[in-house]
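Participant: Following this message is one structure expressed as C-alpha cells.
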Ligand SMILES: Cc1ncc(COP(=O)(O)O)c(C=O)c1O
C-alpha cells in the first residue's frame with residue numbers, strides 16, 4: 001500500500017457526494033484506496049470483489065497496464081491541446097478505431113466527457129440535423145418512462161425516472177414519452193429477452209398521431225435500460241421501434257452508455273440486436289472508466305448534412321473544452337488495445353450462458369421476486385419492505401460491502417455488471433455471497 005493510501009480524511013463534510021445518502025455515508029464511510037483486476041481494496045485493507053465494474057464502466061478490470069501506461073506517457077508528452085480549431089493525432093486515431101468497431105454506417109464520432117454530455121450532444125445533433133436538412137419543424141424529442149439518460153436538462157427531460165425529474169421545474173418543452181417495457185406479471189424470471197411487450201413500441205404510432213410526424217425529431221432509448229433496474233427489451237420491440245422511426249423520418253438514438261464496449265457480448269447492443277440506430281451515445285467503457293470521456297457516433301448522412309456552406313464557418317455550434325483531450329484519447333486507445341488483445345468485446349457471449357444459469361439459481365433465495373439477465377448484465381429484484389421502498393436493497397448493498405462484494409442497487413433491485421474479465425469461479429462467488437446476504441436480510 002502506498003503512503004497516500006494510509007491517509008484517511010478526518011473531515012468528510014466539504015464533499016457533497018453525488019447520488020449518495022450523504023449523512024449516512026459520512027457516519028460510516030465506505031472508502032476504496034486501490035484496485036487491481038476484479039478487486040478493490042478498502043481503506044481498512046479488505047478486498048472487495050467488483051460485481052458492478054465500478055459504475056458499469058471498468059469493463060477490462062482495474063488498473064490494467066496498457067491503460068495506465070498510456071496515460072502516464074501522455075501526461076508527460078502532451079498534457080492538453082485546445083479542442084476548438086486545433087487537433088492532436090490521438091483524438092483522430094481514436095475516432096478512426098472507434099468507427100472501425102461501430103456498426104456499419106456510423107463512421108463519425110463526436111467526443112464529450114460523460115454519458116450525460118453525450119446524451120445532450122446527441123439530442124442537439126438530432127435537432128440541428130433536421131434544421132440543416134430543411135425539416136426545422138421537427139423539434140419534438142421522444143423518450144421513455146423509466147429511462148435514464150444522465151442528469152443534464154435534455155437527459156432528464158427525455159428520461160423517465162421521477163425523482164430525477166420532479167425537483168427541476170419545467171424541463172425541456174416538446175418532449176413526450178413511450179411507455180416502459182417492464183411487465184413483471186407476464187415476464188418475471190425470463191432468461192434473456194422477454195416474450196411479451198413488443199407491441200409497446202406501437203405507442204409511437206399514437207404519439208405520431210397526436211403530434212404529427214413532421215414535428216418529431218428523434219426517439220431516444222437505452223437498448224437495455226440499466227440504471228432503472230435492468231429492463232430488457234421484449235423480443236421484437238427494438239426492431240418495431242426502428243421500423244416506425246424509419247417510416248416516419250424520425251431519428252432513432254440508442255443510449256449505449258452501459259451497453260457499449262462488450263457488455264452484451266458484442267461490441268454494442270446495436271450488434272447484439274442487429275439494429276442500427278441513427279445516432280449512438282456512449283461513454284463509460286470507452287476509457288474503462290479511467291479518464292472521463294464520451295463518444296457520440298453519427299450516421300454518415302447526418303454528419304454530411306452539416307458539411308455545407310462556406311468552409312471557414314463552424315458547421316455545428318457545439319463542443320467541450322475537453323472534447324477528445326489528449327489524456328482521455330490516450331486512455332481510450334489503451335482501453336481499445338486491451339479489449340482487442342483479450343477479446344473482451346465478445347468475451348461476454350461465451351460467459352453469458354454460465355452467468356444466466358448462475359443468476360437464476362437464486363430464484364429460490366429469500367425476498368427474490370424476479371431475476372433478469374442479458375449479456376453480462378443481471379438484475380435480482382427483491383420484494384420491498386412495506387412502506388419503505390428501496391431500504392431492503394440498500395441494506396443488501398451495505399451488507400455486501402461489509403462481506404467483500406460490490407453490488408449496485410436501484411429501487412429494490414440489485415443490478416450486476418461485472419468486469420468482462422470475470423472468471424466462472426468469481427461468478428460463483430458473486431452468486432453465493434448474494435445468497436448468504438439475502439438469507440440474513442430482514
Ligand atoms: C444509459 C445511460 N445514459 C447516460 C448516463 C450518464 O452517464 P454519466 O454519469 O457519465 O453522465 C448513464 C449513467 O449511468 C447511463 O446509464
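Only the coordinates and a few stated rules stand behind these numbers; no lab work does. These figures come from a predicted structure and were not determined experimentally. All Cβ positions, even for glycine, are placed from backbone atoms using ideal geometry, and neighbour counts span all protein chains on display.
Participant: Calculated from DSSP H runs of 4 or more alone, at -39500 (n - 2.57) each and per residue, what is the 222 nm mean residue ellipticity of the chain, nearest 500?
Facilitator: -11000 deg cm²/dmol
Participant: Let me ask another. For a quick check: sort 321, 121, 41 by the number of other beta carbons within 10 angstrom, fewest at the front.
Facilitator: Details: 321 10, 121 25, 41 18.
Fewest-to-most Cβ neighbours within 10 Å comes out as 321, 41, 121.
Participant: While we're looking at this one, here's another question. How do 162, 48 rank when sorted from fewest to most other Cβ atoms within 10 Å of their own Cβ?
Facilitator: Details: 162 9, 48 20.
So the ranking, lowest neighbour count to highest, is 162, 48.
Participant: Could I ask something else about it? Full-extension gain between residue 311 and residue 202, please, as 0.36 nm times their residue separation minus the C-alpha to C-alpha distance.
Facilitator: Length difference between fully extended and current span is 35.0 nm.
Participant: When DSSP beta bridges are limited to those with both residues in region 68-342, what percentage is antiparallel, rounded to the nearest 5?
Facilitator: 40
Participant: Enter the Cα centre distance for the pair region 262-307 and region 30-67, rounded to the nearest angstrom.
Facilitator: 25
Participant: Let me ask another. Expected output is a single nm value to one decimal: the length gained when fully extending between residue 153 and residue 55, i.e. 0.36 nm times separation in residues minus the C-alpha distance. What is it?
Facilitator: On the way: separation 98, 0.36 × 98 = 35.28 nm, distance 2.14 nm.
Stretched fully, the residue 153-residue 55 segment lengthens by 33.1 nm.
Participant: Which residues does the label zone of residue 86 cover in region 304-320, counting backbone N under 17 Å from a point 7 Å along Cα→Cβ?
Facilitator: 320
Participant: When the chain is fully extended, how far beyond the present Cα-Cα distance does residue 46 get from residue 209, taking 0.36 nm per residue of separation?
Facilitator: 52.9 nm
Participant: Label points 7 Å out from Cα along the Cβ direction at residue 366 and residue 442: separation in nm?
Facilitator: Here the answer is 1.2 nm between the modelled labels.
Participant: Please find, in a Gaussian network model of the chain (springs between Cα atoms separated by less than 10 Å), the residue of 120, 185, 222 whose mean-square fluctuation is greatest.
Facilitator: 185
Participant: Suppose each label sits 7 Å from its Cα in the direction of the beta carbon; what would the residue 23-residue 162 distance come out to in nanometres?
Facilitator: 2.3
Participant: Compute the distance in nm between two label points, each set 7 Å from the Cα along the Cα-to-Cβ direction, one at residue 435 and one at residue 349.
Facilitator: In this crude spin-label approximation the distance works out to 3.1 nm.
Participant: Just rank 34, 227, fewest to most, by other beta-carbon atoms within 10 angstrom. Kindly include the intermediate steps, with their values, before the conclusion.
Facilitator: Numbers: 34 16, 227 24.
Starting with the residue having the fewest Cβ neighbours, the order is 34, 227.
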